[in-house]
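Read the structure below first, then the notes.
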Ligand code: HEC
Ligand code: HEC
Ligand code: HEC
Ligand code: HEC
Ligand code: HEC
Ligand code: HEC
Ligand code: HEC
């Protein structure tokens, strides 16, 4: 089979489903993001940039004329690693998320001439296909409803896209606590699990479980609190056989204060 045929077949279904979604008409473009393309030849399509009717790509240099601060810090951003090769290289950069910028640039920044992902995550879903599904799970952050944006937790313009990502877990918790002050503490009786990070117990994009919990039952806790089975079930040195019948560790009237307690060493309210 010739490479061209392979190329048409593998991209056509994606092209159709994208355009059916419609929010922003997304068309087929010859852009290769180096990271994604590492295992395929350079001229294969690996992403479809957003489209704005009547607009053409101008390249990130043009954006820097008016958005100097963002452009300067962009070199440190995770997404600045995306590289394109060949004649359409200009397409990757600011415009891979914001769409082609000719109308916007020529009009000096007129309203409605450029895509702002703050208003819709569609531009992110183009490359991060799996995230659309995660946000459609029954319990998720209200990004699809337009009440929040990916940008509330991810910085697209500078530094690691995952805030406090990598080693700095404390600052990752910090980004959650900006909105969820109730979990902040200080608590008289801290729960050490909090040091491991909120995402140990919560799936931030979405989950089938209420409160976006990573697991719906005692397993959430038992990954750290070992369950010993001898003459009965013990956890933390206490018999738990009857307790485990009553519901989850946090709803059965035992450890409601999972984030930390002001009154009880065993994390009660
Ligand atoms: C000639 C100056 C100029 C150029 C060139 C320019 N912009 Fe803008 N841009 C503006 C102005 C003015 C605004 C509106 C005021 C503001 O939000 O700063 C704006 C706003 C924006 C917004 C917010 C729009 C909204 O609806 O919230 C985005 C996103 C944006 N520009 C991206 C870009 C990108 C990407 C490029 C390069 C393709 C670019 N701009 C090139 C002047 C420019
Ligand atoms: C990874 C995708 C992505 C890339 C690449 C990107 N942006 Fe953005 N941009 C965003 C998001 C997301 C927002 C909305 C941020 C928010 O929710 O507050 C945004 C907002 C903006 C705004 C509106 C003002 C603001 O701060 O809200 C401007 C202007 C802008 N971007 C310019 C640029 C320029 C210039 C570049 C290239 C140097 C660039 N962007 C590259 C995702 C991106
Ligand atoms: C052009 C395709 C493309 C678009 C559009 C895009 N991304 Fe990305 N994104 C990537 C690639 C490729 C990587 C991996 C980069 C790397 O590892 O160096 C990445 C990495 C990330 C990461 C970090 C992953 C990690 O493990 O550190 C986050 C978070 C992220 N993107 C969020 C977003 C958000 C939010 C948007 C929309 C505002 C967006 N992306 C738009 C291609 C894209
Ligand atoms: C409530 C905060 C929050 C929101 C909103 C959010 N994210 Fe994330 N995202 C995170 C956290 C925290 C991580 C790190 C997860 C980890 O390390 O397991 C992450 C990781 C990622 C990653 C890299 C790891 C992975 O799961 O593939 C990508 C890509 C990403 N997010 C994309 C997005 C996109 C696209 C949106 C918007 C549609 C979005 N995120 C909205 C908090 C958020
Ligand atoms: C920009 C603000 C914002 C940030 C940042 C944020 N959240 Fe949220 N969070 C919300 C909103 C809004 C809701 C929905 C609240 C509701 O429906 O009552 C929510 C809901 C939740 C819920 C479910 C609450 C419930 O009662 O069902 C959990 C758990 C949660 N967030 C955890 C996190 C974690 C973990 C992080 C960090 C990775 C985070 N949030 C970052 C705004 C935020
Ligand atoms: C040890 C596991 C664990 C960790 C770590 C954890 N949570 Fe939770 N969280 C839970 C459980 C379990 C619930 C459900 C409580 C309930 O339903 O009564 C919950 C509920 C929530 C809720 C919903 C409000 C409520 O009290 O019901 C929010 C918001 C929340 N957590 C945010 C966070 C944030 C922010 C962090 C990090 C600073 C975090 N959680 C860390 C287990 C955890
Ligand atoms: C990341 C691992 C981890 C997870 C997950 C975890 N814990 Fe903990 N928890 C700890 C550590 C460490 C301590 C302090 C040492 C100890 O008492 O075992 C602790 C202490 C406790 C205590 C206080 C014990 C005492 O009397 O001093 C209770 C109660 C507790 N956890 C309940 C829970 C519940 C309920 C869950 C599930 C929602 C949970 N833990 C999930 C690590 C974890």
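Which order do the peptides 236-242, 220-226 come out in when sorted by mean C-beta neighbours inside 10 angstrom, highest first?
So the peptides 236-242, 220-226, ranked by packing, come out 220-226, 236-242.
Sorted from greatest to least, the principal axis extents spanned by the alpha carbons of the range 169-261 come out as 45, 32, 22 Å. Distance between the pseudo-spin-label points of residue 181 and residue 118 (7 Å out from Cα toward the beta carbon): 2.2 nm.
What FRET efficiency comes out for the pair residue 231/residue 171, r = Cβ-Cβ distance, R0 = 45 Å, nearest 0.05? Could you put the intermediate results ahead of the total?
Details: r = 45 Å, r/R0 = 1.01.
According to the calculation, E is roughly 0.50.
The modelled label-to-label distance for the pair residue 128/residue 161, using points 7 Å beyond Cα in the direction of Cβ, is 0.6 nm.
FYI, it's all coordinate maths here, none of it is from the lab. Note that the coordinates shown come from a computational prediction; the quantities given were computed from them, not determined experimentally. Quick reminder, even Gly has a Cβ in these numbers, built from the backbone with ideal geometry, and neighbours come from all protein chains shown.
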